[in-house]
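Nothing in this text is a laboratory measurement; each read-out follows from the coordinates by a stated rule. Because the structure is a prediction, the values reported are computed rather than measured. So basically every Cβ, Gly included, is an ideal-geometry build from the backbone, and we count neighbours across all protein chains shown.
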Amino acid sequence: MKEKLFPITRSLTGDGVRQTLKILQQEADFDINELPTGTDVFDWEVPKEWNIRGARLENEHGVVADMKDTNLRVVGYSEPVNREMAYKEVEPHLHTHPYAIPYRTSYYKRDLGFCMTDKEKNKLDKNSIYYANVDSTLEQGSMTYGEVLLPGKSDREYLITTYSCHPSMYNDNVSGMIVWARLLKQMQQEKTNHGYHFFIGPETLGVLSLLKRKSDFDGALVINCVGRNEDFVLKKSFKESSEVDRVALQTFKEMEIRYTTVPFSVNGSDERQLSSPSYRIPTINITRGGYYGTDWYHNSRDVYHDRTSFLGVGDMELNRSVEVYFNVLMNLDRNHKIFSLQTHGEPMLGKRNLYPATGGKNEADHTATIAKWIMHEDGSDLLKVAEKTGFDMKEISKVYDQLRKERLI
C-alpha cells in the first residue's frame, strides 16, 4: 500500500486526497465526505480546491526544478503561472534546505514557489531568464475527509485521528495513514464496550471541522510518524496523568516495549486543537522516534527505500505500530469505573468460586487477590488496580466480569 500512496500529490484539498482515501478504503470501511469551499471553521475557512498536473522551472542551461522528480519540488497551493521571470523575480519564490528538497506550503496566500537544495540554488545563473510553469487550478470545490464511528455499549467515546494532507513523505505521514486504516480494520472486528470515532482529514482544518460538529470525546489518539524502526515515543496529554496517558504506559509495560516520554507541547499535530481551551480533550501521540530536528523531517529524505535513513522499514514496522495502538485501545476498552455493592468488609468469595476451596493458598491465587483489590478500589477504576498490582488489564477485566456476574460490583 505504501507504494501506491507515496507518489500521490496531497494537500488540504484536491483529487490527490480523494485518491488516497479511496486506496485506504481497500483496507478498511469508512465514509468519505466533502466540506465545500468557503465553509467557516471557527477562525479558519475551507480554501479553494487545489489541483496540479505539473510544475517546472528552467532557464537556457536546462531544467532547474521539475515536479516529475518529486511533488515536493513545488510549494503546495502554488497558483497557476506560465511566464518568463528574471532571477530577481524568481529568487523570492525559491525555498531551500541544506541537503534535501524541503516541504513547503502556502494555503491562504496566493503565491507560487519551487523547492531545492542549497547547492542547487547556489549553482543558479543570476543573469539568466527563467521560465516558470505551474499547471495548477484553484477553484470552488471542497475539502475531503473520511470518518466512521464504531459504537460501543457505554456512553464513552474516544477519537482516533490522522492527517491526509502531506504529499510524498513516508514517515510523515504515509505511515500514519496506513496504521490508521489497519487499526480501524482490526477494531471493526471487535465488539467493544466503548465507542471509537475514526477520523482522517487535513491537519488542523480537518480536526477543527470535526470539533465544530462533535466534541464530546473522553480522550483522543493522534497517529503520525509511525513507520520507522525506532523506539516508541509517547507525547503525553496536557493533563499528563489522564486515562489515555495511563493506559498507554500500562500497555507499554505489559508489552515490554522500549519507549521514552515527552511532555505535552503546543507544537506538534492535532493534539493542540483537541487540547484547546474550549475542548480540553486529553490527547496522546505515540510515534516511532522523534520528528522535530531529525534529518528527514518535512523534506525529501523521508522515504521508505532509503536504507541509510530507515533501517529495514516496511510492513513489520507498520504492523508493530498497529499492534501497539490496538493494545492501547483494548486496554481503554477494558477499563471501567468501580462501584462496589459490598462495602461492609470483604464478601464471601469462596461460595462464588472467587477464592480457593482450600484455605491457606489465597496468596498464590490471582483471582482472589484481584477481586479484593477491585472491591478495595471502589470509586476508582480497573486501571488503578493494574498500576498498583502489576497484573495485566486483560486478567483484571476477567475478574471484574466475574464480580459483576455475582453482583458484587
Exercise. Taking only Cα atoms, what is the 0 to 90° angle, nearest 10, from helix 315-334's long axis to the longest principal axis of the chain?
Worked result: 40
Seminar exercise, completed: Once the dipole of the stretch 52-139 is set up from charges on Cβ (+1 Lys and Arg, -1 Asp and Glu), the residue from the list T137, T105, G62 lying farthest towards its positive end is T105
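Report the net charge of residues surrounding H95, where surrounding means a beta-carbon distance below 12 angstrom and charges are Lys +1, Arg +1, Asp -1, Glu -1. Let's see the in-between values first.
Values: positive: R73, R104, K121; negative: E91, D111, D118, E120.
After counting each charged neighbour, the total is -1.
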Problem set entry | Gaussian network model of the chain, springs between alpha carbon atoms under 10 Å - residue of G219, G16, G268 with greatest fluctuation | G268
Problem set entry | Bins of 10 Å, starting at 0 and running to the largest distance - Cα pair percent for the stretch 52-139 | 18, 56, 24, 1
Seminar exercise, completed: Computed about the Cα centre, the charge dipole of the chain from +1 Lys/Arg and -1 Asp/Glu charges at the Cβ has a magnitude in debye, to the nearest 20, of 740
Seminar exercise, completed: Non-local residues with an amide H under 5 Å from the amide H of H95, with H modelled 1.01 Å from N and Pro and chain starts lacking one, are F114, C115, M116
Problem set entry | Length gained when the stretch D295-E387 is fully extended (0.36 nm per residue, less Cα-Cα span) | 29.4 nm
For this session: Mind jotting down the distance between the C-alpha centroids of the stretch 245-295 and the stretch 10-38, whole Å?
Result: 26
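Quick one: work out Rg over Rh on the C-alpha atoms of the chain, Rh as Kirkwood radius.
On the way: Rg = 25.5 Å, Rh = 23.5 Å.
Rounded to two decimals, Rg/Rh equals 1.09.
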For this session: Set the Förster distance to 51 Å, then compute FRET efficiency between H344 and M316 from the Cβ-Cβ distance, nearest 0.05.
Result: 0.40
